[in-house]
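Report on the following structure.
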Amino acid sequence: MQKGKPAGSSGTQQQSKPLLDADGMVISKPLHRFGMYNDSRLENAFRRRVDRLVDAPPNMFSRRVHVFTYAIMFVAGTYVAMYQDFGDREHCFSSLRRWYFRKLNSWWSLSTEEEKELRERGRL
């Protein structure tokens with residue numbers, strides 16, 4: 001018995017070459033050869049349905065999941081860039097963080113003019 005060949009094979013059998021379409025893509029063997037369908041009409045109907053499913057656009061649920069995934073990626077990336085602790089040393093997000101926290105502090109704090117006006121009114 002030769003090494004690497006199954007028992008009972010003489011090595012003289014030729015392996016069948018795959019069927020190729022006009023673009024050189026491999027065409028799968030007809031299903032009726034495997035005993036799944038005995039009628040070629042059924043096989044053609046099956047292949048038409050499969051091809052229709054492959055070419056169809058994604059359904060609405062898949063699109064919503066896709067958009068939700070991008071939203072989660074954006075939130076996670078923003079968190080990492082702005083709030084993740086990288087230690088005290090400088091890193092690639094340092095300048096972005098400084099700008100972000102300056103803007104954040106300017107939005108949530110009073111300017112000197114606003115503070116002066118509130119002190120005059122007696123509300124501060």
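Check F93: other-chain or 5+ apart residues with amide H under 5 Å from its amide H, H built from backbone geometry?
Hits under the 5 Å cutoff: none.
Can you work out the Karplus-derived ³J(HN,Hα) for every residue in the stretch 112-118? Use 6.51 cos²θ - 1.76 cosθ + 1.60 with θ = phi - 60°, whole Hz, and x for glycine or proline.
5, 5, 5, 5, 4, 5, 5
What ³J(HN,Hα) values, in whole Hz, does the Karplus curve 6.51 cos²θ - 1.76 cosθ + 1.60 give for the stretch 99-110 when θ = phi - 60°, with x put for Gly and Pro?
4, 4, 6, 4, 5, 4, 5, 5, 6, 9, 10, 8
Taken together, the values in this text are just the output of simple stated rules run on the coordinates, not laboratory data. On a predicted model such as this, the values are computed, not experimentally measured, just so you know.
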